[in-house]
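Following: one structure in structure tokens, then a few remarks.
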Amino acid sequence: MRKVEDPLVVEIVDLHKGEDFRGILRKIRDVVECGDKSILSDLHLLSWPAPTEADLQAVSRFTRENEITRVYSIGCGTGLLEWLIEKVIRENKENFTVTGIEIDFGWWSGVYAPPTFLPLLYVDKNFNVNEPFGEYNDMALFCYFNNLKIFIDYLAVFKGNFIAILGPISTTQFCAPAPLELVKNNDMPCKEWKLTLFQPFGLGNVDHIAIYKRVL
């Protein structure tokens, strides 16, 4: 059976079609709490983080307090997490958009690709080097991003004022090197970025979210 046809994936896709983001959050909690590694693997096909509504509301508060209206999610994959973020924030304010950025159109449009949950912007693999993007209070999100060099390249051309990094705090839990290592070591490559929020994120006691603001 193809993974995209697994019952969990089908159920989440159906909930997404009905825009039932709280139903998806309940399903994510059920999967994590059941402890079945096979089902958890199916969830990871769609999203590595397992957010709670409280996590998403914390992000929503931050965006309101800092007047953030657009997030660019770099290498967003299926975009399930980003869609959940967008839905929760739009309950609190209308003017908010998440743009998912990916580079491999052939894969994501292929027959074996997992479903996607928000429109993807496909860019050239050198987008981060050649194309400045973002403006003013925009935020760039790096979720489970595992290429430190490319992350630094993105920092160099991003014109917005906020950077969010989401994932495990230790590289032993994922692929090294990871941007969150910079948080742990207080070693962001550009000193104009100041850590403004750092807290656990999601179920499982693995992930954290760190948000940096550009110091002008």
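The values are calculated or read from the model by the stated rules, or taken from the named source; none is laboratory data. On a predicted model such as this, the values are computed, not experimentally measured, just so you know. Cβ sites come from the backbone with ideal geometry, for glycine too, and all protein chains shown count toward neighbours. Each accessible area value is taken on the protein alone, full model and side chains, heavy atoms only, with ligands, DNA and RNA left out. Shrake-Rupley method; radii C 1.70, N 1.55, O 1.52, S 1.80 Å.
Annotation for segment 44-150: chymotrypsin sites (Phe, Trp or Tyr not before Pro) lying in DSSP loop with at most 15 further Cβ atoms inside 10 Å of their Cβ are Tyr112, Tyr136.
At a 1.4 Å probe radius, carbon and sulfur cover how many percent of the accessible area of the chain?
Using a 1.4 Å probe with all protein chains present, the chain comes out at 51 percent carbon and sulfur.
For the chain, the relative contact order is 18 percent, taking Cα pairs closer than 8 Å that sit 6 or more residues apart in sequence and dividing their mean separation by the residue count. Applying the criteria of a DSSP loop state and at most 14 other Cβ atoms within 10 Å to the trypsin sites (Lys or Arg not before Pro) of segment 22-122 yields Lys93. Remark: segment 86-162 carries 52 Å² of accessible area per residue (probe radius 1.4 Å; ligands, DNA and RNA excluded).
Here Trp107 and Glu65 are evaluated by their C-beta separation; at R0 = 35 Å the FRET efficiency comes out at 0.40. Summarising the label geometry, the points placed 7 Å from Cα in the beta-carbon direction at Asp14 and Ile152 lie 4.9 nm from one another.
Considered as an equivalent ellipsoid built on the Cα gyration tensor, the chain has semi-axes of 26, 19, 18 Å, the largest given first.
Note on the chain: lysine pairs with Cα distance below 22 Å, sequence gap of 8 or more or different chains, count 23.
Neighbours of Gly77, meaning other residues whose beta-carbon lies under 11 angstrom from its beta-carbon, give a summed charge of -3 when Lys and Arg score +1 and Asp and Glu score -1. Excluding the site residues themselves, the longest part of the chain lacking any GluC sites (Glu not before Pro) in a DSSP loop with at most 11 other Cβ atoms within 10 Å is 136-216.
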